1. Normalised radius of gyration for the range 95-140, please: alpha carbon Rg relative to 2.2 N^0.38 Å, two decimal places.
2. How big, in percent, is the set of alpha carbon pairs in the range 152-203 lying more than 14 Å apart?
3. If you take the C-alpha gyration tensor of the range 15-79, multiply each eigenvalue by 5 and take the square root, what semi-axes do you get, largest first, in whole Å?
4. If you fit an axis through the alpha-carbon atoms of helix 141-151 and take the longest principal axis of the Cα set of the chain, what angle between them do you get, 0 to 90°, nearest 10?
5. Can you tell me the alpha carbon radius of gyration of the chain divided by the globular rule-of-thumb value 2.2 N^0.38 Å?
6. Using only the heavy atoms of the protein chains and a 1.4 Å probe, how would Met14, Met83 rank by accessible area, largest first?
7. Please express the shape of the range 35-144 as an equivalent ellipsoid: the semi-axes are the square roots of 5 times the eigenvalues of the C-alpha gyration tensor, given largest first in whole angstrom.
8. Using alpha-carbon positions, what is the distance between the centroids of the range 188-208 and the range 46-86, in Å?
Amino acid sequence: MELIIDGFRKAIEMILTGDREILEITWLTLRVCFTAILISSLIGLPLGMLLGLTRFKGRKIILTIINIGMGLPPVVAGLWISMLLWRSGPLGHLHLLYSPTAIVMAQVLVSLPIVTGLTSSAFQQISEKMLLQIKALGATKIQTILILIKQTKIAIVAAIMAGFGRVIAEVGAAQMVGGNIQGDTRILTTSIVMEVSKGNFDVALAISFILLTVALLITAALTMLQQRKRVS
């Protein structure tokens, strides 16, 4: 209990004193996480809608791959991205390994299946009667999509929140492709692992409290947006 209290005090001290390193690490964490979830949403939401609303050859195979990807171990994602970015890899000439971009790539790989899978599930549950009613009213394809998005907006925001929760908590892939380099690729999760390995448990706890606070605030904001839209 004393260790937890010390960690909480350390977190408050870091925040109030404006610890430069912690601020930089927190900012980088937010930057890579928001970038990753934005990319995953831009790809995953339309793809999930397509898989949920249409039927075509190979669809079940794609859904199976996506469902498997939802449980993809982060270290496996990190390994795959590392192999792509190694000097001998197909993207080695871009020199992206051990960079924030590499972390974003790994986070997209672990969050994209979640956003896509949950969105697809939401649209698969839309009743055929509703689709027929919308069609009978003479709605265009764009109008139909907008109506369906409005009907599934709760699930869509939930998919985004689930994807964000995965990326902000991710550590294995980030450490593998980012290298946890101070001032360059060190984020909150990898900082916690590093401090624990050094035996600085109070600092590790302090950083964990900061990470939890950031995650709580963002999740609370998304939840308020989700429920406010529901009321409207």
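1. Against the compact-globule rule of thumb, the ratio is 1.99.
2. Result for the distance tail: 61 percent.
3. Values for the range 15-79, descending: 36, 15, 7 Å.
4. 60
5. Here the answer is 1.18, to two decimals.
6. Largest accessible area first, the list is Met83, Met14.
7. Whole-Å semi-axes of the equivalent ellipsoid: 35, 14, 11.
8. When both Cα centres are located, 32 Å separates them.
The values are calculated or read from the model by the stated rules, or taken from the named source; none is laboratory data. Since we're looking at a predicted model, the values are computed, not measured. Glycine also receives a Cβ, built like all others from the backbone with ideal geometry; neighbour counts cover every protein chain displayed. Ligands, DNA and RNA are excluded from the accessible area calculation, which covers all protein heavy atoms including side chains. Shrake-Rupley method; radii C 1.70, N 1.55, O 1.52, S 1.80 Å.
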